[in-house]
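Below is one structure, written out as structure tokens; comments come after it.
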Amino acid sequence: MAEKPLAIDYDFIRPMLDIRILILHPGTGNDPISCSLYHAARGQKQYLALSYEWGKESDDDPSILIQERPVRIRQNLHEALQYIRMPSQDLALWVDAICINQSDTREKSFQVTKMGETFASANSVIAWIGPAKDNSDVAMDWMSDTAMLLQRLPRCREDSFESAALLSLCSRPYWRRLWIIQEIFLSSNYWVQCGEKLIHGDTFERSLAALNTAINDKLHRSPAEQHRMARELHSRMPDLNVLSRWISMSITGQFQCSREHDWIYALLGISHDYREKSVEVDYTKPPLELYLEVLKKGFLTWRSGTQQRRVQLAEKMNLNMDSDLRAAIKFYP
């Protein structure tokens, strides 16, 4: 009978002052994944932050070793660790599913408050978009050289396998995660990794911009391109980095969240106005209470389309549109 995976045995940390670091031990190929977990004061340890899609939990999810104890993690994270580990040296990582005690709601709320700082302080952010498939190696090779991409695009037909590979790469589920806006936006040095292929984020975004008008409208509307355009716009116009603007962008795009709260919490780290009006991260708070809080504090007000956007956000948060909620949506200016 196989050994049953255990839960991680977490040590207590001061959530606002400390950070857990995952040390990914060397390995290659199908070698078992072995890690150590320890904590340090924030700012005292260099690390890479991993940005990735959690994916759905499954009974077939694999296990890794943490402190020599088997711990089950989701398949996509297992693949990410397998590909990014070094062959002969340790790698210091921050991975939310492991470095945050997900069963401790209080700790999780505190750590989410510091999420922006965690990614901004990382030496680099690795955007893991998944293993190679659908000719992604070809697409990544094209994206890695913007000048060569511009030469090839005029000869690239809309129905070619290269176009299909590029569209598939830019439409992966990773790009639909709302959290990645913050995770990449706050990083000064991020890399996009697909299987064994690795591209610097600046190069990837330049190539995305080139693809914007060169191939077809499908690429223009792809989740990866929507993310790039949002990042570019808000980088050039910092005054737009307020919660209401980010909410408007997220609910009208192709973004997704696994928790209702995250339609708000995933955007706090890139919104310079939320601290002034004191929005606290608290996953024990009912989604309706959180919605009414940001509504009353004026975060759900726009120059036009306010009522429509308020309804859209309520629907994204799976709220019951009863008469009381509809009245509140209309009442607050």
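The values are calculated or read from the model by the stated rules, or taken from the named source; none is laboratory data. This one's a predicted model, so the numbers in the text were calculated from it and none came from an experiment. In this analysis, Cβ positions are derived from the backbone assuming ideal geometry, glycine residues included, and neighbour counts consider all displayed protein chains.
Structure data summary
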{"read-out": "Residues located in the stretch 142-161, provided they are under 18 Å from Arg206 (Cα atoms) and either among the small types (Gly, Ala, Ser) or part of a helix (DSSP H, G or I) (or both)", "value": "Trp142, Met143, Ser144, Thr146, Ala147, Met148, Leu149, Leu150, Gln151, Arg152, Leu153, Pro154"}
{"read-out": "Residue list for the stretch 121-141, filter: buried (at least 21 other Cβ atoms within 10 Å of the Cβ) and part of a helix (DSSP H, G or I)", "value": "Ser136, Ala139, Met140"}
{"read-out": "Some residue of the stretch 285-302 being assigned to a helix (DSSP H, G or I), out of contact with any Lys or Arg (no Cβ under 6 Å at 6 or more places or on another chain), surrounded by fewer than 18 Cβ atoms within 10 Å (Cβ to Cβ) and among the β-branched types (Val, Ile, Thr)", "value": "no"}
{"read-out": "Single unsatisfied condition, Ala80 versus (1) modelled with pLDDT of 90 or more; (2) in contact with a His (Cβ under 8 Å, 6 or more places away or on another chain)", "value": "(2)"}
{"read-out": "Hits in the stretch 303-331 - residues which are surrounded by 15 or more Cβ atoms within 10 Å (Cβ to Cβ) and either at pLDDT below 95 or assigned to a helix (DSSP H, G or I) (or both)", "value": "Thr306, Arg309, Arg310, Val311, Gln312, Leu313, Ala314, Lys316, Leu325, Ala328, Ile329"}
{"read-out": "Residues satisfying the stated conditions in the stretch 98-120, i.e. surrounded by fewer than 19 Cβ atoms within 10 Å (Cβ to Cβ) and modelled with pLDDT of 95 or more", "value": "none"}
{"read-out": "Residues that are surrounded by fewer than 17 Cβ atoms within 10 Å (Cβ to Cβ) and of a type in the set (Asp, Glu), drawn from the stretch 53-67", "value": "Glu57, Asp59, Asp60, Asp61"}
{"read-out": "Sole exception among (1) outside any strand (DSSP E or B); (2) at pLDDT 95 or above for Leu93, by number", "value": "(1)"}
{"read-out": "Test result for Ile64, modelled with pLDDT of 95 or more and under 24 Å from the mean Cα position of the chain (by Cα)", "value": "yes"}
